[in-house]
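S.K.: Got a structure for you, questions after.
The values are calculated or read from the model by the stated rules, or taken from the named source; none is laboratory data. Every value quoted in this text rests on a predicted model; they were computed, and no experiment measured them. Here Cβ is always computed from backbone atoms with ideal geometry, including for glycine, and neighbour counts include all displayed protein chains. Side chains included, ligands, DNA and RNA excluded: accessible areas come from the protein's heavy atoms. Shrake-Rupley method; radii C 1.70, N 1.55, O 1.52, S 1.80 Å.
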Amino acid sequence: MSRHVVCRVDELPPGQHRIISVRGRTIGVFNVNGEYHALLNRCPHRAAPLCQGVVTGLITSPAQYQRELTRDGEIVRCPWHGWEFDITDGRSVFNPHRVRTRTYEVFVETAPPGEDEDPDADAAGAQLVQATIGPDDPDPTLETYPVEVEQQFVVLYLGQSKPAARPE
Ligand code: FES
């Protein structure tokens, strides 16, 4: 399984999507009402760039001569021949049990691994402490402060199985 940071959360608001290139394939990452979903950008009909199609909803007919738009923003319509797919699970609207496009796992996480791990930070801190505290000085009482990471990222996972729940 491989992990790919797509963008910051504030760069992909609800109703928006972006198409990215990962390991030789293109994938559409969608924000549907605050939930993130990813589809292979390849229509199972004739391989059109599916995620470049219009994002829409389902038209239903609750009664004669009536039309109603439901699930607005959850359906993508293929730009070539108009087949429609459910963004949340990749299934075709007209034949959901037999036609679908591949989906991927997307999570919202704080910092990407490695960004908060500076191998030189401990060494730099140790040098600072050694320079200001003599060997015979008592241990100082350190004042501490709460620290929060406010920036979050949209992260895509490629692989066979769903990863275990990840901490935010
Ligand atoms: S290629 Fe998508 S509907 Fe034909």
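S.K.: For the stretch 1-42, what value does the Rg/Rh ratio take when both radii are computed over Cα atoms and Rh is the Kirkwood radius, given to two decimals?
M.R.: 0.96
S.K.: In the stretch 19-61, whose amide N lies under 15 Å from the spot 7 Å out along Cα-to-Cβ of residue 81? List them in ranges.
M.R.: Under 15 Å, as judged by backbone N against the label point of residue 81, lie 42-50 of the stretch 19-61.
S.K.: Heavy atoms only, probe 1.4 angstrom, no DNA, RNA or ligands counted: give me 97, 4 ranked by accessible area, highest first.
M.R.: These residues rank, largest area first, as 97, 4.
S.K.: Protein chains only, probe 1.4 Å: how do 72, 86 rank by accessible area, largest first?
M.R.: Of 72, 86, the descending order of accessible area is 72, 86.
S.K.: For the pair residue 110 and residue 97, how long in nm is the line joining their label points, each one 7 Å along Cα→Cβ?
M.R.: 4.6 nm
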